[in-house]
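The values are calculated or read from the model by the stated rules, or taken from the named source; none is laboratory data. Quick caveat, the model's predicted, so the values are computed rather than measured. Heads up, the Cβs are rebuilt from the backbone with ideal geometry, glycines too, and the neighbour counts pull from every protein chain shown.
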Amino acid sequence: MTGSSRSLTGGLSQRDSWRSMPRFVPWLALAVVAFVVLPFVGNDYLFSAVLIPFLVLSLAGLGLNILTGYTGQLSLGSAAFMAVGAFATYNFQLRIPALPLLVSVALGGLSASLVGVAFGLPSLRIKGFYLIVSTLAAQFFVEWVLTKFSWFSNDNSSGVITAPRLVVLGQDLSSPAGRYLLTLAIVSVLTLVAFNLLHSQTGRNWMAVRDMDTAARVLGIPIVRAKVQAFAVSSFYCGVAGALWAFAYLGTVEPHGFDLDRSFQVLFIVIIGGLGSLSGAFWGAAFIVLLPILLGNLASTFLSGIIEPGHVENLQKVVFGSLIIFFLIKEPEGIARLVRSIRHRLSIWPLEH
Amino acid sequence: MQFFFEVLVGGLLAGLMYSLVALGFVLIYKASGVFNFAQGAMVLFAALAFVTIVEHGVPFWAALLGTLLIMLVLAVAIERIALRPLVNRPPMTLFMATLGLSFVIEGLAQTLFGAQVHGLELGIEDVPITFAGVSASKLDLFAAGTAGALVLVLALLFNRTRLGLALRAVADDPLAALAIGVDLRRVWAVVWAVSGVVGLVAGLLWGARLGVQFSLSLIVLKALPVLIIGGLDSIAGTIVGGLLIGATEKLAEVYIGPAFGGGIENWFPYLLALGFLLIKPSGLFGEVRVERA
């Protein structure tokens, strides 16, 4: 766009002032709404059924996006790393009661990192689709370990763990609004960290590995370190997301809550939202959380009596799968890209080229 | 010792049942470079369609023909709706499209044919017959024979016919294949149809063993390690991979499993496949791609 010729028209000067607005302003507004306005106006349903799962899944999506979207390593084991994060956090809280909650969550994330690196090491030798064996091995192995060895769930026979008291700095955050704020704070901080990481040398190394790792190696990029880092960081994010999923969202969780379907869910978030896009994880998560609610409501208003409830679930599957294919065909870069083009259209509206 | 052999034979035969599923994967990968996660859903779809037709009183062979037609229509529809717009996209995108596809097919199958468990009679009983002191299931033997025959036919198709040549050309480089006049759309439709047929065979045999139900689509997860050990693009590899996985899985379950409290069959094949890959990163018989920067 050439700014000089366009500023001749009156409407555009306004647009120019909108453009010259400091970049942090919209983000600040978003933060104010999320941290200050929503806790007061939101109700429990909004927090527990919409916002908390949305934020947690965004975080998991962010984790997978670092690995798959930015480093190009396909993973079908996100749920396993989430499970490690949840169960490790639980055990740190249980066995070292003096540990503050946030420290336990961080340690849980680090445990997930370790497991992630262990199952990521084969990526140094195995490439492409062959690599899904490694992450699937993680998926099934972790699920089995957590079910089989009841030590991890404090000898609960079916492996169920229950949330510890959610207290941060003396504040009890057990209410829906409190759990929302806890989740929001953690997700915000980690998103900022991810943003900076991706715009640093580390992030550029990851993208070089994604685009072509042989070429990256030729350029002198330490691809071993880049891949291991990507697995570690990605699993850390998934681990923290798992801990939040278990304790801030569900309250109690069993190992099968982190099964292969959960991994696919996180993968779909990344695909639908946009591979290799930070905001994509959030768009994708919003989509995944809202779509079933929307479809369920639609079905109960329009189709109740016509279709039995069991079929609704199947139809939901069909709609879901179709949407994934639709996105891959029409907008391979996901909702994030869609939003960007809409924003661009708006910024030149109504005087299109 | 006889017990050992019985476990071994049982495992080898079960492994060939996995090969049947893995074969569908290899076909599509070999002919289009697509890693088709929807193969399990196709197995489920085929089995459900067949059982539903039979339950409406249609005789066996007519039902088989009917299901065959349904699978062909499904294959062409998949090619037309999902794959054609995705030509020349990265393999990862195509893989994810097949993930979506598996959701669609599973949902459709259960909407159209219901979700309850159906029995399936092939006229071959699942009873053991004994040979040289080692007994094996009749159904298993039949499945093994079928898998062997299928592999032979498909290997001939790929290596000895013009169609096979076209398939391999497309897999190697779709653009180049297009440039020399290979009809990509026809090739893809054919290959999905063939893998639909393979899915039907696998669906019938697995359905006879487990009953036709949703969990049939999960045998994809059993077939994956088989596929990976054999190599994604090797037809013969599926057989070798199947034998390897089947035998070690059963032996491990019997001899190592108790030490861990059992239930290791879910992840053991994957660790095994991982071990193989660390030595041979493209599977035992997979094509090794030379990388150039």
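Of all residues in the stretch B:239-267, exactly one satisfies the criterion of being facing chain A (nearest Cβ under 9 Å) and modelled with pLDDT of 80 or more, namely B:TRP267.
Can you work out which of the residues in the stretch B:1-41 that are of a type in the set (S, T, N, Q) and farther than 14 Å from B:ILE228 by Cα is farthest from the chain's Cα centre (by Cα)? By that ranking, first place goes to B:GLN2. Restricting the search to helices (runs of 4 or more DSSP H) fully inside the stretch B:165-248 and requiring at least 1 residues that are crowded, with 24+ Cβ neighbours inside 10 Å gives B:184-210, B:219-230. Taken as a whole, the condition of being assigned to a helix (DSSP H, G or I), within 21 Å of B:LEU210 (Cα to Cα), under 18 Å from the mean Cα position of the chain (by Cα) and away from chain A (no Cβ under 12 Å) applies to B:LEU44. The set of residues in the stretch A:189-222 being surrounded by fewer than 20 Cβ atoms within 10 Å (Cβ to Cβ), touching a helix residue (DSSP H, G or I) at 6+ places or on another chain (Cβ under 6 Å) and within 12 Å of chain B (Cβ to nearest Cβ) consists of A:ALA208, A:ARG217, A:ILE221. Taking the stretch B:214-238, which residues are of a type in the set (S, T, N, Q) and away from chain A (no Cβ under 14 Å)? Selection gives B:THR238 alone.
Within the stretch B:142-151, can one find any residue that is within 30 Å of A:ILE329 (Cα to Cα), at pLDDT 80 or above and assigned to a helix (DSSP H, G or I)? So far as the stretch B:142-151 goes, no, none of its residues is within 30 Å of A:ILE329 (Cα to Cα), at pLDDT 80 or above and assigned to a helix (DSSP H, G or I).
In the stretch B:79-96, the residue that is farthest from the other protein chains (Cβ to nearest Cβ) out of those that are over 16 Å from A:GLY69 (Cβ atoms) and either aliphatic (A, V, I, L, M) or buried (at least 17 other Cβ atoms within 10 Å of the Cβ) (or both) is B:GLU79.
Only one of the listed residues (A:THR147, A:THR162) is surrounded by fewer than 20 Cβ atoms within 10 Å (Cβ to Cβ), touching a helix residue (DSSP H, G or I) at 6+ places or on another chain (Cβ under 6 Å) and within 30 Å of B:ILE264 (Cβ to Cβ). That residue is A:THR147. Of all residues in the stretch A:101-120, those that are within 14 Å of chain B (Cβ to nearest Cβ), crowded, with 17+ Cβ neighbours inside 10 Å and either polar (S, T, N, Q) or over 30 Å from A:LEU173 (Cβ atoms) (or both) total 2.
Between residues in the stretch A:323-340 that are more than 8 Å from chain B (Cβ to nearest Cβ) and residues that are buried (at least 17 other Cβ atoms within 10 Å of the Cβ) and among the β-branched types (Val, Ile, Thr), which pairs lie under 9 Å by C-beta distance while being six or more apart or on different chains? Pairs found: A:PHE327/A:ILE271; A:PHE327/A:ILE272; A:PHE327/A:ILE335; A:GLY334/A:VAL270; A:GLY334/A:ILE271; A:GLY334/A:ILE272; A:ILE335/A:ILE272.
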